[in-house]
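Working notes, structure below.
The values are calculated or read from the model by the stated rules, or taken from the named source; none is laboratory data. For clarity, every value in this text was computed on a predicted model and none was experimentally measured. We place every Cβ from the backbone using ideal geometry, glycine too, and count neighbours over all the protein chains shown.
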Amino acid sequence: MATGVLFSSSSFPSTLPCKPYHSISLKKRPKRASFVGSSSSSSEGSGESKNQSGEADDKPSFNPFGFVTDNPSSRSAIQLPESPAEAGNVGQMLYRIEDKGKDYGTYVKAGKFRWFVRETGTSNSRNGTIVFVHGAPTQSYSYRVVMSQMADAGYHCFAPDWIGFGFSDKPQPGYGFSYTEEEFHVEFDRLLSVLGVNSPFFLVTQGFLVGSYGLTWAVKNSDKVLKVVILNTPLSVSSQLPGLFQKLRIPLYGEFTCQNAVMAERFIEAGSPYVLKLDKADVYRLPYLASSGPGFAILEAARKANFKDILTRIETGFSSVSWEKPLLVAWGISDKYLPKAEAEEFQKRNPGVVKLNIIEGAGHMPQEDWPEKVVEALRVFL
């Protein structure tokens, strides 16, 4: 179990004696390993190696499971409880967390698919509607605090999990959904219609891949939005692609990478100055533990995405000659994936329309790192 691999109870003979389980003791590693390849935030592997003279090298040796064992929140994923689950189910952790993370949420059928949508406020809210869009490989759970407080400020808020992510449907690629940008846009339109979001609304988007699809949707549908807020989303053709998405695009290696149960939480932590608390890490981990669906969804989406073309359209679509709607860039300054300079350059391309608000102390997901500051920025701008 130290490798973090979960086995079905059907894999073991029912006649084996059942003894109480105990937590695995994991030795603290001298350095944290990074599964997402973020050189700025962590190092790969752990342990010590010796050079030819017999002296210890500073460079650690490779530890293939360091991405699990060297991380505080991830370690809980491979600890076993004191007593087994009923009927010897070794998926005890799933039982512990299966009902977590569905704050303000319900299932909504739109077209062929079921979306999991969080909602706060009501259609009678005096200040209008906000739709919050998450990025990959996370979920709408990241907006729970922000949307609760914005509802208190008089807004009707929706935050859906994209198809293939979080608690929404995860269709097998090629069977009714192939995870292309166009398909995401079509299904998003259907969802908005079912939710009754027919008047222009406020759009908030954050993150890579499907987060970028929120912006390309806005470029195509500028008449449907009142204002746009961007939280730490790639904004330039020169944006560096995080290691996770590079690995997903490698044949065979991508198939292995996409089934990493702690992928989402490690991606969040590698882009932030903070480590997730266990109760939050549980929720981001849950979809990837529950089935292989979300892993193959992000694998397919990453391979179908033309990142250079997407970012080119974002650059030109929000330039001074193309975009006139008010736009706020609220940027977590401690983002280890996207530097502050990227937000500053974006603002310079359309200074009459784009406002820049730097959020001190927040990283790649400011809505998770410091939601109160995001709420403050939104209330002033909207």
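To keep it simple, each residue is scored yes or no on (1) more than 30 Å from Pro351 (Cβ to Cβ); (2) in contact with a Phe, Trp or Tyr (Cβ under 7 Å, 6 or more places away or on another chain); (3) not in a helix (DSSP H, G or I).
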residue	(1), (2), (3)
Leu235	no, yes, yes
Arg266	yes, yes, no
Ser272	no, no, yes
Ala297	yes, yes, no
Arg303	yes, no, no
Thr312	no, no, no
Val321	no, no, yes
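Taken as a whole, region 286-294 holds at least one residue that is surrounded by fewer than 21 Cβ atoms within 10 Å (Cβ to Cβ), within 26 Å of Glu182 (Cβ to Cβ) and free of Cβ contacts under 8 Å to residues at least 40 places away in the same chain. Of all the criteria given as (1) buried (at least 23 other Cβ atoms within 10 Å of the Cβ); (2) under 19 Å from the mean Cα position of the chain (by Cα); (3) outside any loop (DSSP other than H, G, I, E, B), the one not satisfied by Val228 is (2). Taking region 252-299 as the range and being at negative phi and out of contact with any helix residue (DSSP H, G or I) (no Cβ under 9 Å at 6 or more places or on another chain) as the test, the residues that pass are Gly271, Ser291, Ser292, Ala297.
For Ala153, the conditions (1) modelled with pLDDT under 95; (2) surrounded by fewer than 19 Cβ atoms within 10 Å (Cβ to Cβ); (3) not acidic (Asp, Glu) are fulfilled apart from (1).
Restricting attention to region 339-358, does a residue exist that is crowded, with 22+ Cβ neighbours inside 10 Å and part of a loop (DSSP other than H, G, I, E, B)? Among the residues of region 339-358, not one is crowded, with 22+ Cβ neighbours inside 10 Å and part of a loop (DSSP other than H, G, I, E, B), which makes the answer no.
Within region 187-201, identify whether any single residue is of a type in the set (Gly, Ala, Ser) and closer than 15 Å to Ala301 by Cβ, and answer yes or no. Within region 187-201, not a single residue is of a type in the set (Gly, Ala, Ser) and closer than 15 Å to Ala301 by Cβ. Contact map, region 303-316: residues that are more than 14 Å from Val210 (Cα to Cα) paired with residues that are hydrophobic (A, V, I, L, M, F, W, C) and part of a helix (DSSP H, G or I), Cβ distance under 9 Å, separation 6+ or inter-chain. Pairs shown: Arg313/Leu215; Arg313/Val219; Glu315/Phe346; Thr316/Val219. Scanning region 320-333 for residues that are at pLDDT 95 or above and either surrounded by fewer than 21 Cβ atoms within 10 Å (Cβ to Cβ) or under 23 Å from Leu226 (Cα atoms) (or both) returns Trp323, Glu324, Lys325, Pro326, Leu327, Leu328, Val329, Ala330, Trp331, Ile333. When restricted to residues that are in a strand (DSSP E or B), over 21 Å from Leu226 (Cβ atoms) and in contact with a Leu (Cβ under 7 Å, 6 or more places away or on another chain), region 109-136 contains 3. Using the structure shown, decide if Asn124 is over 20 Å from Met263 (Cα atoms), in contact with a Ser or Thr (Cβ under 7 Å, 6 or more places away or on another chain) and at pLDDT below 95. No: the conditions fail for Asn124. Entry remark, region 185-207: residues being in contact (Cβ under 8 Å) with a residue 40 or more places away in the chain and under 30 Å from Lys336 (Cβ atoms) number 6 in total. Any idea which residue in region 137-188 is nearest to Gly243 (Cα to Cα), counting only those that are in a loop (DSSP other than H, G, I, E, B) and acidic (Asp, Glu)? This residue is Asp161.
In summary, Ala218 fulfils each of the numbered conditions (1) among the small types (Gly, Ala, Ser); (2) assigned to a loop (DSSP other than H, G, I, E, B); (3) under 27 Å from Leu356 (Cβ atoms) with the single exception of condition (2). With respect to the conditions (1) part of a loop (DSSP other than H, G, I, E, B); (2) more than 27 Å from Arg249 (Cβ to Cβ); (3) touching a helix residue (DSSP H, G or I) at 6+ places or on another chain (Cβ under 8 Å), Lys336 falls short on a single one, namely (2).
Close contacts from region 107-122, counting a first residue that is under 18 Å from Tyr143 (Cα atoms) and in contact (Cβ under 8 Å) with a residue 24 or more places away in the chain and a second that is among the polar types (S, T, N, Q) and surrounded by 17 or more Cβ atoms within 10 Å (Cβ to Cβ), with Cβ to Cβ under 7 Å and a gap of 6+ residues or different chains, come to Trp115/Ser168; Phe116/Ser168; Arg118/Ser140; Thr120/Ser148.
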